[in-house]
Amino acid sequence: FNEFGWHQQKCEEKKKSCLPLFKQYREKDGQFYFKLTTSSGRLLLQSAAFTSGRDAGMAVNELKNHGLATDPAIITVVDCAQKLTGKSACIAEGACREEVQEALESLRQAQLEKQK
């Protein structure tokens, strides 16, 4: 790498590390969950339980592709005061819909840039 190439790579790595992050996992109850956090780890969105990892993954993809304007048959996003039922996720306490939407949009834009 020349100096410019190294610098460009470092900038791209830093930009990628500043992106929000979806984390999918399985709890001891055997159910599958996901959460969306900021790059610093602050919780923005937490899902209800899904019976399969595939369903949780479909919900994550729906959010990544369409933001909060998702298909309610796949995932419904509610405020933290509402009870989670079915295929849903709630906006974390201290976060707002606009912040979640911005995080989802930044992930979508990063994916579009990657495809170029």
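The values are calculated or read from the model by the stated rules, or taken from the named source; none is laboratory data. Note that the structure is predicted; figures quoted are calculated from it, not measured. Cβ sites come from the backbone with ideal geometry, for glycine too, and all protein chains shown count toward neighbours. Accessible surface areas use protein heavy atoms only, side chains included; no ligands, DNA or RNA. Shrake-Rupley method; radii C 1.70, N 1.55, O 1.52, S 1.80 Å.
Please state which one of Y25, Y33 is hydroxyl-bearing (S, T, Y), at pLDDT 95 or above and over 12 Å from the mean Cα position of the chain (by Cα). Let's see the steps before the verdict.
Values: Y33 fails: over 12 Å from the mean Cα position of the chain (by Cα).
The match here is Y25.
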Checklist entry - Does Q82 satisfy being surrounded by fewer than 15 Cβ atoms within 10 Å (Cβ to Cβ) and farther than 17 Å from A48 by Cα? => result no
Checklist entry - Which residues, taken from the stretch 21-42, are open to solvent by 80 Å² or more (accessible area, probe 1.4 Å), in a strand (DSSP E or B) and more than 21 Å from A95 (Cβ to Cβ)? => result R26
Checklist entry - Among the residues of the stretch 43-50, is any under 15 Å from the mean Cα position of the chain (by Cα) and open to solvent by 20 Å² or more (accessible area, probe 1.4 Å)? => result yes
Checklist entry - Hey, does the stretch 6-20 have a residue that's in a loop (DSSP other than H, G, I, E, B), at pLDDT 95 or above, open to solvent by 80 Å² or more (accessible area, probe 1.4 Å) and of a type outside the set (D, E)? => result no
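Residues A103, A81, A48: which one is out of contact with any Cys (no Cβ under 7 Å at 6 or more places or on another chain) and modelled with pLDDT of 95 or more? Full working, then the answer.
Numbers: A81 fails: modelled with pLDDT of 95 or more; A48 fails: modelled with pLDDT of 95 or more.
On inspection, the qualifying residue turns out to be A103.
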